[in-house]
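Data block below; observations after.
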Amino acid sequence: MNGWRSVAYVESPLQLLSAVEAHAHGVLGSNTDIVVRDANRQYESTVRYVERMGLPQGIRLFGARDTRWLPGHTSAQGRFTHVLGDPLSGQQQSLLLRRNSVGNLVIIDDGVSTLSVLEDLAANRPLVRPTSASSPARLALGRAMTHVIRRRAFAGKVTFFTSLPLSESVLHAAGTLDISVITHAFPWLSANILEDAHFPPQVIVGSAFAADRYITTDAYVQWIRQIASCGDAVYLPHRRQRPDVLAHISEIPSVSVARDLPLAEIALRGLGPEHHVHSLPSTSLLTLHRRFSQRGVQVTMYDIPDTWWCPSTPADLRTQLIRPVELLRIAS
């Protein structure tokens, strides 16, 4: 794709870092606009961090609109590679489907849900989130998105760029669709890491499960309290952490709450054998697994007991949410 240009639409810090890695890897061509949607504090911390590292030549960062730290992006015109940070996003689907012609597509990581996207595409299912009921209009949008991506895939125009361990079912789905798969372990980040933050021995990676009300707050806080009983711990809040949940965690005496850190893939890369990382099923531990194993970091990913789930969390969603546990076993 030498000389080509790409536009990446990203909605999370992981998508942002994945877009940078894809550009550095040469997947996106020589010029890439990365458009950040709905920036929050962790987003800003991550952007500031990668800017301090020195972005690869050819990358420009924009906001979906003007902010105090990113200029707004003008809608791209003409021919370019379309980089999908979240194929399930209604906004990203609308952006893609409004284009007169679609050329190359690159799908980057948005957590384990991206793997389900490949399986849904192979089964010709509409691309909609499993976490909420979909209206007829939303289902129609999801079906149209599936049709467009499948058509481009069978033309050899879709690439999946991922740091996640891949199950046989995902590899089969990609092969069925003729999607090119490129795996990576964040080589650009590894080559350009800045000074590392210093953490106590126990490191707890925050989860959105309680924030999204998939599990009860009481169970979540008790899990953190039990880990902290082993010694001083630091808690890295999830970017969607609810203030009321964070207030409960802040009251635990031996737990310090980290503030304004970039995403875990960046913040935790300097850990060593003196550290023990604790997490509920998490994409972060999957993407960090290779580096942790090389550095001797002890990792525990906890399954979710049946008593933790909120009654409103359906069984099929529970299965999807704990999928990282299975993938970590594959990676190990």
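So which pairs qualify, if the first residue must be in segment 239-260 and without any contact (Cβ under 8 Å) to a residue 60 or more places away in the chain and of a type in the set (S, T, N, Q), the second must be surrounded by 12 or more Cβ atoms within 10 Å (Cβ to Cβ) and part of a helix (DSSP H, G or I), the Cβ gap must be under 7 Å, and the two must be at least 6 apart or on different chains?
SER254/ALA228
Restricting the search to segment 299-312, which residues are surrounded by 10 or more Cβ atoms within 10 Å (Cβ to Cβ), touching a Ser or Thr at 6+ places or on another chain (Cβ under 9 Å) and not aliphatic (A, V, I, L, M)?
THR300, TYR302, TRP308, TRP309, CYS310
Answer with yes or no whether TYR220 is in contact with a Phe, Trp or Tyr (Cβ under 9 Å, 6 or more places away or on another chain) and either buried (at least 17 other Cβ atoms within 10 Å of the Cβ) or in a strand (DSSP E or B) (or both).
Here the answer is yes, as TYR220 does meet what is asked.
Can you name the residue in segment 242-299 that is in a loop (DSSP other than H, G, I, E, B) and of a type in the set (Asp, Glu) and, of all such residues, is nearest to GLU326 (Cα to Cα)?
The qualifying residue nearest to GLU326 (Cα to Cα) is GLU274.
Is it true that VAL297 is within 18 Å of HIS238 (Cα to Cα) and either at pLDDT below 90 or among the hydrophobic types (A, V, I, L, M, F, W, C) (or both)?
Spelling it out, it is not the case that VAL297 is within 18 Å of HIS238 (Cα to Cα) and either at pLDDT below 90 or among the hydrophobic types (A, V, I, L, M, F, W, C) (or both).
Looking at the structure I just gave you, is ARG295 of a type in the set (Lys, Arg) and either touching a strand residue (DSSP E or B) at 6+ places or on another chain (Cβ under 6 Å) or under 19 Å from LEU14 (Cα atoms) (or both)?
Criteria not met by ARG295.
I'd like to check which helices (runs of 4 or more DSSP H) are fully inside segment 125-195 and have at least 2 residues that are in contact with a strand residue (DSSP E or B) (Cβ under 9 Å, 6 or more places away or on another chain). If you could, list the steps in order and put the result at the bottom.
Values: elements: 136-154, 168-177, 187-192.
Answer list for segment 125-195: 136-154, 168-177.
Does at least one position in segment 65-81 carry a residue that is buried (at least 18 other Cβ atoms within 10 Å of the Cβ), farther than 18 Å from PHE186 by Cβ and at pLDDT 85 or above? First the steps, then the outcome.
Kept after step one, since they are buried (at least 18 other Cβ atoms within 10 Å of the Cβ), are these residues of segment 65-81: 70, 73, 80-81.
Subsequent filtering for residues that are farther than 18 Å from PHE186 by Cβ retains 70, 73, 80-81.
In the following step, the residues that additionally are at pLDDT 85 or above were identified as 81.
Yes; the residues of segment 65-81 include at least one that is buried (at least 18 other Cβ atoms within 10 Å of the Cβ), farther than 18 Å from PHE186 by Cβ and at pLDDT 85 or above.
Using beta carbons and a limit of 6 Å, which pairs, at least six apart or on different chains, have the first residue in segment 82-105 and closer than 23 Å to ASN31 by Cα and assigned by TED's automatic domain parsing to the domain that holds LEU14 and the second one crowded, with 20+ Cβ neighbours inside 10 Å and of a type in the set (Ser, Thr, Tyr)?
From segment 82-105, the pairs are VAL83/SER6; GLY85/TYR9; GLN92/TYR9; ASN104/THR81.
Determine which member of the set ALA144, ALA122 is surrounded by 16 or more Cβ atoms within 10 Å (Cβ to Cβ), more than 23 Å from the chain's Cα centre (by Cα) and either in the same structural domain as LEU166 (by TED's automatic domain parsing) or closer than 16 Å to LEU84 by Cβ (or both).
Every option except ALA144 fails the conditions.
Determine whether ILE204 is outside the structural domain of SER116 (by TED's automatic domain parsing), crowded, with 16+ Cβ neighbours inside 10 Å, within 23 Å of the chain's Cα centre (by Cα) and touching a residue at least 60 places away in the same chain (Cβ under 8 Å).
Against the criterion (outside the structural domain of SER116 (by TED's automatic domain parsing), crowded, with 16+ Cβ neighbours inside 10 Å, within 23 Å of the chain's Cα centre (by Cα) and touching a residue at least 60 places away in the same chain (Cβ under 8 Å)), ILE204 qualifies.
The values are calculated or read from the model by the stated rules, or taken from the named source; none is laboratory data. Computed from a prediction, not measured in an experiment: that's the story for all the values here. Here the Cβ is made from the backbone with ideal geometry for all residues, glycine too, and neighbour counts use every protein chain on show.
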